[in-house]
Amino acid sequence: MARRDLSGAVDFSVLEGMTGGDTGISEEVLGLFVEQAGLWAALLDPRTDGWRDGVHTIRGAAAGIGAGELAAICAEAETMDQALTAPALERVRTALDAALADVAAYRHELMLRGLRG
């Protein structure tokens, strides 16, 4: 997996702008995003009382790293009727998976850069 595997789910220039291009900080932020995504994903169940909180948290974190589409899908899901929650949360899961795949490719690229010195 490398930068060529990026799908465009995350605009890493947003992250780079936020971190001032510091790859160490970028890696730390992305590591936290990945770690927390596992926790948030557990909330993406319409039978769970906290699903809106989970979606809201994902939305903010996604915007912070440049995952604009994920943030937009989360914003839409937050306002859904309970009857439409299941398909909305499935779209959130799909967008989160795409963002996580891009994050993995980008982190791999950061690791390779570090090895090259």
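Beyond 18 Å, what share of the Cα-Cα pairs of the chain is found? Please give it as a whole percent.
48 percent
Let me check against my output: what whole-number percent is the relative contact order of the chain, with C-alpha pairs under 8 Å and at least 6 apart?
39 percent
With labels modelled as points extended 7 Å from the Cα through the Cβ direction, what inter-label distance (nm, one decimal) is found for A63 paired with L32?
Label-label distance for A63 and L32, simple model: 1.7 nm.
Bear in mind these aren't lab numbers, they're just calculated from the coordinates by the rules spelled out. These numbers come from a predicted model, not from an experiment. Neighbour counts are summed over all protein chains in view; Cβ atoms, including those assigned to glycine, are modelled from backbone coordinates with ideal geometry.
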